[in-house]
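Input: a single structure, listed below in structure tokens.
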Amino acid sequence: MTRLIGQFRETGKIRDHRGPPAKPFAQRYTPTDVRLLAETDAPHRTLSGPTLGKLCERAYETFGDIGYQRLKKLSNGHLYNLRGCLETL
């Protein structure tokens, strides 16, 4: 605390010395996966989580579409998180 007070008195601001984490969490779903999810979700007008998950699972296992390989195990909670990511793409 003393160091921060001294820094503020000298410069008039406090500098954040923290950097990115040394070992960040691995990213499971790529931006391509998120786009594919959006393409699947759009024609169906935002289905419920379990239904969309089943569609992704079926697309991979029944129809052999390898784009859905990671999305077939998508949980409902993660689905809604990825839907939130669509706004940033």
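Identify all lysines with a Cα-Cα distance to K54 below 23 Å; exclude those on the same chain that are fewer than 8 residues away in sequence.
The reachable lysines, counting only those whose Cα sits under 23 Å from K54, are K72, K73.
Mind listing P(r) for region 20-80? All alpha-carbon pairs, 10 Å bins, whole percents.
All Cα pairs considered, the percentages come to 21, 53, 17, 7, 0.
Every read-out reported here was derived from the displayed coordinates using simple, explicitly stated rules and does not represent laboratory data. Please read all numbers here as calculations on a predicted model, not as lab measurements.
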